[in-house]
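Since the structure comes first, as structure tokens, the remarks are kept for the end.
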Amino acid sequence: MAGLKETKDRIQSVKNTQKITRAMKMVAAAKVKKAENSVKLSRPFALELFKTFVEIYDSIEDKKFENIKTKEPLDNYKALLEERQVKTIGLVIISSNKGLAGAYNANLIRLAASKIKEANSKNIKVELFLVGSKVEAGLRALEKEYDFNIKEVYTGILDDVNTSSARIVASDLAKEYINLKIDKIELITTRYINMLTYSPESWTLLPVIHQGNKNVQAFFKKQFDKEHKIEYKTFFEDKKNTIQLFEPNQTTLLKQIVPMYITNLIYQAILEAQASELASRMTAMSAATKNAEDMINNLTIQYNKARQQSITQEITEVISGTLNK
């Protein structure tokens, strides 16, 4: 009978776990649609902002900008546009504050590890900025294998995602870049494709030179071809053949566009990551719920077999006792 009780208790335990995973799946499913809508609604603006920046930047032939003094590092577009030899690279890893999202955070750690390994092989220092705390433990485990430093961990930003919170990160990164502490900054995020597909990617954030931002360019190219139904390359080639007038002038516009572009790229990366995280959690909890159901069925079969054997044993003992009399 002890075996029966243990099996029955285990069935109940799995059922309780299944209730939790089913509830988490339903919560993630309810939130992922809202997150998906936020991503889709923000992409057109991000695309137009990117196009505007490219058009203004390409219209400046000599690419020589006047020296400017600003209170905020993020407003110093001249310094943020300048490329230099990379001695230190900053990686902004956008993860989550919660677990139980399948391989979502593990994939980010894997991509970050490959970037760190590549930088280490070139004797480039690595500074990490974590948006979300969940990958920190995984990265700490790599400290003996790779050389890097976790500079900052932003946890509250994911609780209320908006452009103001994204600007906080953008300002910190711009300060590090302008003070020559970091020579290049990349965003590591997860691009949302659909409910079942999301891809870890790295986008170059600083310096703000769009020709070098191959992954950023690829991201916007996909959105551009989808939204405008014409090829990305063809559009910009046609733009070069037209006369464009900018008022008051390109440099004044860049002073406004560059901080907005950097902030919005971080904001877009966070939105993409959040939608991907929720989709990954929904998939993981769906699989966990199904696995729990399979386990309950198997345990129920075991319980019924054990119960049948117990009843048979009792009947046999009763019959044997009767015959012995």
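Only the coordinates and a few stated rules stand behind these numbers; no lab work does. Since the model is a prediction, treat every value here as computed from it, not as a measurement. Methodologically, a virtual Cβ is constructed for each residue, glycine included, from the backbone with ideal geometry; neighbour enumeration extends over all protein chains shown.
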request  = May I ask you to compute the full-extension gain from Glu145 to Ala103, defined as 0.36 nm times their residue separation minus their alpha-carbon distance, rounded to one decimal in nm?
outcome  = 13.0 nm
task = Report, in deg cm²/dmol and to the nearest 500, the calculated mean residue ellipticity at 222 nm for the chain, where each DSSP H run with n ≥ 4 adds -39500 (n - 2.57) and the sum is divided by the residue count.
result = -22000 deg cm²/dmol
ask   = Under a plain spin-label model, where a point goes 7 Å from the Cα along Cα-to-Cβ, how far apart in nm are Asn123 and Met26?
value = 6.0 nm
key: Cβ-based exposure ranking for Arg281, Arg43, Arg22, in which fewest neighbours within 10 Å come first   = Arg22, Arg43, Arg281
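Counting other beta carbons within 10 Å of each Cβ, put Ile56, Ile193 in order, fewest first.
Working: Ile56 20, Ile193 14.
Final ranking by Cβ density, sparse to dense: Ile193, Ile56.
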remark   = Quick note on Arg307, Arg191, ordering by fewest other C-beta atoms within 10 Å, gives Arg307, Arg191
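Using the beta-carbon distance between Glu6 and Phe45 and R0 = 51 Å, what value does 1/(1 + (r/R0)^6) give for FRET efficiency, to the nearest 0.05?
With R0 = 51 Å, the Cβ-Cβ based efficiency is 0.30.
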key: Residue of Asp183, Asp159, Asp75 that the Gaussian network model of the chain assigns the largest fluctuation, springs spanning Cα pairs under 10 Å   = Asp159
message = With log10 I(q)/I(0) by the Debye sum over Cα atoms at q = 0.06, 0.08, 0.10, 0.11 Å⁻¹ as the read-out, I listed [x] -0.20, -0.36, -0.57, -0.70; [y] -0.24, -0.43, -0.66, -0.79; [z] -0.32, -0.49, -0.67, -0.77; which label goes with the value calculated from this structure?
response = [z]
